[in-house]
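Here is the structure we will look at, set down as structure tokens.
The values are calculated or read from the model by the stated rules, or taken from the named source; none is laboratory data. Computed from a predicted structure; not experimentally measured. Here Cβ is always computed from backbone atoms with ideal geometry, including for glycine, and neighbour counts include all displayed protein chains. Keep in mind that these areas ignore ligands, DNA and RNA; they rest on the heavy atoms of the full protein, side chains included. Shrake-Rupley method; radii C 1.70, N 1.55, O 1.52, S 1.80 Å.
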Amino acid sequence: MRMCFATAVVVALAAGPCVAAEFTLAYVGPSGGATVNGLRLGVDESNVQGEFLGVKLTLVPAGGEVPEGAIAVLADAPGKVREIAGRAGSRPVFNLTDTNDALRSACLPNVLHVIPSDAMLADAVGQWSGANPDRPATAAAWHHKAVKFAARDLNRRFLDRFGTPMDGQAWAGWFAARAVGDTLMREPGAGPRELLAALKGADGLDGQKGDPHSFRASGQLRQGLVFVSPDGDLLGEAPVRGAPGGLDSLGNSPCE
Amino acid sequence: MFRSILLTGLIASLATAAPTHRLFVSNEVGDSVTVIDSRSGEVQATVTVGGRPRGIGFSPDRKYVYVALGDDNAIAVIDAQTLKVERKIPAGSDPEAFAVHQDGTIYLSNEDEGLASALDPSTGEILAEIKVGLEPEGVGVSPDGKQVLVTSESSNMVHVISVSEKKLVANILVGARPREVAFSPDGTVFWVTSEVAGHVSKVDRASNKVVAVNNRLRREINPRVKPKGVLLSHDGSRLYISLGRGNAVAALDPDTLAVQATAEVGVRAWGLALSRDGKRLYTANGPDATVSVVDTESMKEVATIPTGEMPWGLALDD
């Protein structure tokens, strides 16, 4: 992390180029695909925010070892999250892909699950079926035709950048990078421990899905979902309006 | 002294058209502006205006109603008397909201381009484009006319623009999804609503620091609260905020931000307007397609008025 002089920070407000704090995010996963594209968009959008505040994020690919200077790890690595979490030390590890419920009830201290769990998806489908017994649907974290809550804007930015529609995996990558970015903008002096604590304590993270997002004790992101028809059309939002418990009506697995 | 009052009144009447007593409502999905007689509560007209009208406000002389048309990349100019759409001024990409400077310049947010633009409506010239954060929305002009504020909804900031230099002089991080700003009459502080965070913040203009936050609105009012509109009462004693899906408006103490009173209104209350006498507060209720009329003394909804589809913003000429 390179510090600017106080006077330089004032100049940076007007001119922009001075970076007061730089952070490296380690990425474990395939070099292409929706998840890493979402991450790239999220890092770039965090840097739009950071340009005004003197904070810069860089995404670096990581293989077996977590780079020493990385402040967080972002993992598109189903089946390997526990192992990565064990190697990450005090750094927050974002699970972007693995939906396994046991991974949530294990309540790993440094893991934050952005992708919804199997239990969340199943509870959402249950709510839909209860209200619409004759219309099958699945649940997902995101839909490329969502427009409410500025989803329209995010879908357009992703499509413009990559030429492919934004799906739930892309959303998970995007959200993780934005959540890390926004937290570091507010605490540019943070190390991995402070970042993890701030993320776990945040109660108003913005996923462009309307409701504020926060992390449950299990590390699972509390979030709304969407209902999708067998033909891939957007049908509505989960939880259904008035579901008791609100966002926690969806797969709130307790710690074991 | 009496003469000076008369003279002042005369100048005021020359400079400003007689009030039409009309409440203008932008209908985001209806592509129209509903015109309501604020004295009777009757709908007088529905003016077809163009694609995705959101931000709405008056020229300084109140002769014209400006409406930001996001899908037409323009500001529509409606004659407040005849209700004729006089013209549409190109305003850059996706204009969402705006504020009109005392000198007549329209400062607007271009949502999809991440820009704030200064538009001279008399010539149609875009005087400046200033890069701000993602999804810029709420715009406010300081009472002294020296600064313009623009919120960026997806970058969680209030950007402070110098009017003389047409450039950024400060960027203030606030709670997630900041949507609207309002200044105190003396310009020493401003307030900003944060929709996803559920906050209202007070910012000291001299230091550009957040000096008070109410982050308890969801606990104290209801868990669905999403602050959007913000407006200070004319006597400065109350800060009114609309609460979106909280389906309510709240009156806060402008200094401490403590909740003084709330009133239930229609679904997803966004746009706000206050009558000149301060007795009636209006909210635009999107999915309900209504405007609620709230008596500010009792803080009760006393009437609802039908609008076009998805009412967004309000502008009252009384």
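Okay, here's what the table says:
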{"quantity": "Straight-distance crosslink candidates among aspartates and glutamates, where the alpha carbon sits under 15 Å from B:LYS300 and sequence neighbours closer than 8 are dropped", "calculated": "B:GLU264"}
{"quantity": "Whether region A:38-187 is rounded, prolate or oblate, judged on the alpha carbon gyration tensor where a/c under 1.5 counts as rounded", "calculated": "oblate"}
{"quantity": "Rg to Rh, two decimals, where region B:11-71 supplies the alpha carbon set and Rh follows Kirkwood", "calculated": "1.02"}
{"quantity": "Residue-averaged 222 nm ellipticity for chain A, from DSSP H runs of 4+ at -39500 (n - 2.57), nearest 500", "calculated": "-11500 deg cm²/dmol"}
{"quantity": "Entries of A:LYS148/B:LYS228; B:LYS131/B:LYS167; A:LYS148/B:LYS131; B:LYS63/B:LYS84 with Cα pairs more than 19 Å apart", "calculated": "A:LYS148/B:LYS131"}
{"quantity": "Under 25 Å from A:LYS80, Cα to Cα: lysines that are on another chain or at least 8 residues apart", "calculated": "A:LYS200"}
{"quantity": "Alpha-carbon Rg with Dmax, taken over chain B, Å", "calculated": "18.2, 55"}
{"quantity": "Region B:122-186, accessible area per residue, ligands and nucleic acids excluded (1.4 Å, Å²)", "calculated": "31 Å²"}
{"quantity": "Gyration tensor (alpha-carbon) shape descriptor, region B:103-169, a/c threshold 1.5", "calculated": "oblate"}
{"quantity": "10 Å beta-carbon shell around A:GLY219, net charge (K/R +1, D/E -1)", "calculated": "+3"}
{"quantity": "Accessible surface buried upon A-B contact (total; probe 1.4 Å; Å², nearest 100)", "calculated": "2200 Å²"}
{"quantity": "Region A:125-256: C-alpha gyration tensor shape, a/c 1.5 cut-off, then a/b vs b/c", "calculated": "oblate"}
{"quantity": "Formal net charge of residues neighbouring A:GLN127 (Cβ-Cβ distance under 12 Å; K, R +1; D, E -1)", "calculated": "-1"}
{"quantity": "Average other protein chain Cβ within 10 Å of Cβ, residues A:206-216", "calculated": "4"}
{"quantity": "Rounded to whole Å, sorted largest first: equivalent-ellipsoid semi-axes of region B:53-194, Cα gyration tensor", "calculated": "23, 16, 14"}
{"quantity": "Local electrostatic count at A:GLY86 - Lys and Arg +1, Asp and Glu -1, tallied over other residues with Cβ under 13 Å", "calculated": "+2"}
{"quantity": "List of region B:89-129 residues, accessible area with partners at least 20 Å² below that of the chain alone (1.4 Å probe)", "calculated": "B:GLU111, B:ASP112"}
{"quantity": "MRE, 222 nm, helices only [DSSP H, n ≥ 4, -39500 (n - 2.57), over chain B, to nearest 500]", "calculated": "-1500 deg cm²/dmol"}
{"quantity": "Residues along region B:164-178 losing 50 Å² or more of accessible surface when the other protein chains are present rather than the chain by itself (probe 1.4 Å)", "calculated": "B:ASN171, B:LEU173, B:ARG177"}
{"quantity": "Accessible carbon and sulfur surface of the protein assembly as shown relative to its total accessible area, %, 1.4 Å", "calculated": "53 percent"}
{"quantity": "Over region B:120-241, equivalent-ellipsoid semi-axes from the Cα gyration tensor in Å", "calculated": "25, 16, 13"}
{"quantity": "For chain A, projected area of the alpha-carbon convex hull averaged over all directions, nm²", "calculated": "13.9 nm²"}
